[in-house]
1. Could you give me the radius of gyration and the Dmax of the stretch 122-228, taking only the C-alpha atoms into account and expressing both in angstrom?
2. Share of Cα-Cα pairs in the stretch 1-107 beyond 23 Å, in percent?
3. What is the projected area of the convex hull of the Cα atoms of the stretch 186-345, averaged over all directions, in nm²?
4. Within the stretch 225-274, which GluC sites (Glu not before Pro) sit in a loop by DSSP and count at most 11 neighbouring Cβ atoms inside 10 Å?
5. Could you grab the relative contact order for the chain? Cα pairs under 8 Å, six or more apart, rounded to a whole percent.
6. As an exercise, take the mean of 1/r over every pair of distinct alpha carbons in the stretch 262-345, invert it, and state the Kirkwood radius in angstroms.
7. If I model the stretch 111-163 as equal point scatterers sitting on the Cα atoms and use the Debye formula, what is log10 I(q)/I(0) at q = 0.24, 0.26, 0.28 Å⁻¹?
8. For each of Thr55, Thr227, count neighbouring Cβ atoms within 10 Å of the residue's Cβ, then give the residues from fewest to most.
Amino acid sequence: MISLHGLTKEFPGGVRAVDALDLEIADGEFFALLGPSGCGKTTLLRTIAGLETPTSGSVTIGSADVTALPPGRRDVAMVFQDYALFPHMDVTANIAYPLRIKKVPRAEREDKAAATAARLSLSELLARRPGQLSGGQQQRVALARAIACHPTVFLFDEPLSNLDARMRLEARTFLKRLQRELAVTTVFVTHDQSEALAMADRIAVMSAGRIMQVGTPSEVFQRPSSTFVASFIGSTPMNLLPGVVEDGALRVAGAVLPLPEGLAEGEEIVYGLRPEYMDLSRSAREDAFAGRVSVVENLGTSFLVTLEVGTRTRTRTGTGEHLVQAVVPEDAEPAPGAAAWAVPR
Ligand code: ADP
Ligand code: MG
C-alpha cells in the first residue's frame, strides 16, 4: 500500500509540480495517474521513487515512512518512458543490473535474468544489445529488469508511449496480464485516457499538480465530478452545453428535457452528455437538439456526426457551444447539410 500525505514538490522558480496531494493506493492495485502534459505526473512518480525530494509532505510504502529514504532502499522498480537501458550491455546484463547492485552472486543473478527473460519471451535475445532490438523488445527488457528483483511496487512512466499504435494495444494487454499474475502494486502514468480506462483498477485524474477525481474507470467515465474530467475522459469529447431550468423543464440549446431531481426553477447548469449516448432523428421532436449536419467522420463501425444547433441557451457562464456531436451506427449515415435532431438517450 502507498500513502501520500500533503505531498508538495516545488521547483526553483516557484513551479508547484505537485500541490498538497493526498492519495491512498491499495496493495496489489493497478493505479493510473492520468492527466495532460505538464500536470505533474512524472514529478509525482519520481517523488514516490525517491528520485525527487518533496518540499513537504510524506510518502509511506507498506507501514514504513520512506520520505527520507534513498531510491535504493524503497524496494520500488521504475520503468521510464525511454526505457533507460544500458547500450553497451547485452540483454542479460541489463536485466541483471539491479541484482548486481544488490550484490547478488553472478550465477544466481544470471539464472534469475534468464527466468525473467523467458517469462517475457526474450530468451532468444539474451546476447543482443539494446541497439539490436525493436522498440517493443526494448520495452520488454525494461520490464524484465523491473521484475527481476521482485520489488513491492512498480512505477511506470508512460512505458507504452514510444510504441506504434498496434504494438501499444498488444503491450497493454500483456502488461495488464503480467501485473495480474505478479499482483504487485503498480502506479502507471499516462496522458492517454483510453490506456488508463483499459488497464487500471482505479484512476486519479490530475491537473496542475492536483488530483481532480479518483475512481474506477467506470466512475470517472460515467460520473465525472467536473467539466475538466468530463472533457478529458472519453474517446470523443463530451457535449457540454449551458442549460437553465424554466417552467419546470430543463432547457438546453432549444431542447426541452425532463428535469433531473434536485434542480430548482431558474437554476443554471452545465449539461454534459457523451456523443455515444445521443441518437439522431430525422423528424422534429421537442426533447432534441435541432440542427444541421455539418461534419460526418467515419469511426470504422460508426460515424461521429457534428450538428450545428440553431438555438443557444444564454446563461451567466456564456452562450456555449453551438455544436452537438452524436455517434450513430454505420447504417444511419446522415448527409452533410441535412436537418437532424440529436436525442439524448
Ligand atoms: P508531466 O509528467 O505530467 O508531463 P512533469 O511532472 O514532468 O509533468 O512536470 C510538471 C511541471 O513541473 C511542469 O510545469 C514542468 O515544467 C515542471 N518541472 C518538471 N521538472 C522540473 C525541474 N527539474 N525543474 C523545474 N521545473 C520542472
Ligand atoms: Mg511526464
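1. 15.6, 51
2. Here the long-distance tail beyond 23 Å is 37 percent of all Cα pairs in the stretch 1-107.
3. Values: hull surface 42.6 nm².
Average projection, Cα convex hull of the stretch 186-345: 10.6 nm².
4. On the way: sites: Glu246, Glu261, Glu265, Glu267, Glu268; in loops: Glu261, Glu265, Glu267.
Answer by residue number: Glu261, Glu265.
5. Working: 725 pairs, mean separation 52.9, N = 345.
Result for the chain is 15 percent.
6. Working: mean 1/r = 0.0738 Å⁻¹.
13.5 Å is the Kirkwood radius here.
7. The calculated log intensity ratios at q = 0.24, 0.26, 0.28 Å⁻¹ are -0.98, -1.10, -1.19.
8. Details: Thr55 15, Thr227 12.
So the ranking, lowest neighbour count to highest, is Thr227, Thr55.
Only the coordinates and a few stated rules stand behind these numbers; no lab work does. Just so it is clear, the model here is predicted, and its values are computed rather than measured. Using ideal geometry, Cβ is built from the backbone for each residue, glycine included, and neighbour counts are taken over all protein chains shown.
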